[in-house]
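Since the structure comes first, as structure tokens, the remarks are kept for the end.
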Amino acid sequence: MDTQSYLPVKPGVGMEENFLSLDDILLSHERLPIRTECSFPRLGFLEKSSDSHDIPEGTKMELPLWLSKGLYEKKRRVLSVELPKVYREGWRTVFNADPNVVDLHKMGPYYYGLGSQMLHFDSPENPEIAQTLLQTFIGRFRRNMDSSQNAYNEDTSALVERLDCLEKALFSSGQSGLNSFQSWEKGRASQLTASSLVLNYRKRKINDLQP
Amino acid sequence: MDASEVEFLAEKETVKIIPNFSLDKIYLIGGDLGPFNPGLPVDVPVWLALNLKQRQKCRIVPPAWMDVDKLEEMRDLERKEDTFTPVPSPYYMELTKLLLNFASDNIPKADEIRTLVKDIWDTRIAKLRLSADSFISQLEAHAKLDNLTLMEINTIRAFLLDSLNCLYKLRSNQHPGSSKGQFADF
């Protein structure tokens, strides 16, 4: 039984983010290559490479996803967002050829999440990006399922190191199903064990509370 | 759902026992049991049968399907067919484990039965994975779970449901108009 002291909020995966999901908060810090379409006065400190006070029009720089999402508007062109390398034509061909060989952890680690977020910036390649994300997921599904349902009592770090964060979460839910079945089969499920909450509980010392 | 919860449900199945004591009919919420007479077979739920067996008060008669010949036939059929074949009991795995663990002295060829049931289980799980994979890769929207037992569904449930949720989100990316407009979270 996996009991946790809190219930983690799952990532939103699609175009909407879950405000309270830790994965989505980390995802919103991914940096995107952008190009400014108007000058940003007195914001030169955002761009580390130059010393000027202002950011002139047409500068190429990197901004985190949350900021680019907030500044991007269809009508008033403040900035234009370029696609990160992994979502461009060249890599899309690789993903369509064989998604299993790609190390998504190195490419992402939020490949699916960031890819879905890129659809906010009306690029003409949006349909292809969405299609590639879906096909990649489907193509990698079988291997993920088999490895998560067969690896019992062994070191799984080699299996998960090439997985995207989303696939890692799926892997661990597959493992929980396998583990609960195996522990039932071995008759371990009927034994009472201490809750993980109690195991982690440590007596508070008065010195810790008083500075 | 936990595997032990499935086992709990399986304990409601009835099994025949031959008691060696006598007792009048007993009236329980789930139904009346008995009367118990020494040497006369009577149907009771598995939980009661195991309790009586542990106290040496009865002999358990194994269900008709728990037989080496029948199970071998089932295993061969299961390997031959592409689809799931009907199982003799919706709780075949749980009952085998319970009865073989607590009453293996009443069941002839207990070890062979254990191996055969495990073989059937492995074949069915392999089929289940194969069909889950083709379900995902063909982007189907619904599937029929004919002849699958609760324990089999239970082992793959968490993984399959989470994957289908992700798949749904990724599919709805393809038609952004159908979701709630852009920047709905602002």
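The values are calculated or read from the model by the stated rules, or taken from the named source; none is laboratory data. Only a predicted model underlies this, so the values are computations on that prediction, with no experimental measurement involved. Counting neighbours? That spans all protein chains shown, and the Cβs are built from the backbone with ideal geometry, glycine included. In case anyone asks, the SASA skips ligands and DNA or RNA and just uses the protein heavy atoms, side chains included. Shrake-Rupley method; radii C 1.70, N 1.55, O 1.52, S 1.80 Å.
Numbers below:
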| quantity | calculated |
| --- | --- |
| Low-density loop positions, GluC sites (Glu not before Pro), region A:130-211 - DSSP coil, at most 16 other Cβ in 10 Å | A:154, A:161 |
| Label-point separation, residue B:56 to residue A:199 (7 Å along Cα→Cβ), nm | 3.9 |
| Calculated FRET value between residue B:134 and residue B:102, using beta carbons and R₀ = 45 Å, to 0.05 | 0.70 |
| Probe 1.4 Å, protein heavy atoms only - accessible area per residue of region A:22-186 in square angstrom | 50 |
| Distance violations [Cα-Cα > 19 Å] among B:16/B:53; A:85/A:106; B:97/B:118; A:10/A:106; A:48/A:75; A:186/B:97 | A:10/A:106; A:48/A:75 |
| Shielding by partners - mean other protein chain Cβ count within 10 Å, residues of A:110-120 | 2 |
| Chain A - mean residue ellipticity at 222 nm from DSSP helices (-39,500 (n - 2.57) per run, n ≥ 4, rounded to 500) | -12500 deg cm²/dmol |
| Length released on extending from residue B:22 to residue B:2, taking residue separation times 0.36 nm less the Cα-Cα span | 3.5 nm |
| Shielding score for B:136-142, defined as the mean number of other chain Cβ atoms within 10 Å | 2 |
| Protein accessible area in the protein assembly as shown, 1.4 Å probe - carbon and sulfur % | 54 |
| Using θ = phi - 60° and Karplus 6.51 cos²θ - 1.76 cosθ + 1.60, couplings along region A:75-91 (whole Hz; Gly, Pro as x) | 7, 7, 7, 8, 8, 10, 9, 9, 6, x, 3, 5, 9, 7, 2, x, 5 |
| Cα centre as origin, Lys/Arg/Asp/Glu Cβ charges: the protein assembly as shown dipole, Debye | 780 |
| Accessible area that becomes buried as A packs against B, both chains, 1.4 Å probe, Å², nearest 100 | 3700 |
| Region B:101-137 versus region B:18-89: alpha-carbon centroid distance in Å | 19 |
| Whether chain B is rounded, prolate or oblate, judged on the alpha carbon gyration tensor where a/c under 1.5 counts as rounded | prolate |
| Estimated FRET transfer efficiency (residue A:103, residue A:153; beta-carbon r; R0 25 Å; 0.05) | 0.45 |
| Sequence-distant residues sharing a close amide H with residue B:61 (under 5 Å, placed H) | B:16, B:17, B:18 |
| Average other protein chain Cβ within 10 Å of Cβ, residues B:153-166 | 6 |
| Cα centre as origin, Lys/Arg/Asp/Glu Cβ charges: chain A dipole, Debye | 540 |
| Region B:3-167, dipole about Cα centre (Lys/Arg Cβ +1, Asp/Glu Cβ -1), debye to the nearest 20 | 480 |
| Helix-derived mean residue ellipticity, 222 nm - over chain B, DSSP H n ≥ 4, -39500 (n - 2.57), to 500 | -16500 deg cm²/dmol |
| For chain B, accessible area per residue (1.4 Å probe, heavy atoms of protein chains only), Å² | 56 |
| Cα-projected label distance for residue A:125 with residue A:60, points at 7 Å along beta-carbon direction, nm | 1.4 |
| Anisotropy class of the protein assembly as shown from Cα gyration tensor, a/c 1.5 cut | prolate |
| Anisotropy class of chain A from Cα gyration tensor, a/c 1.5 cut | oblate |
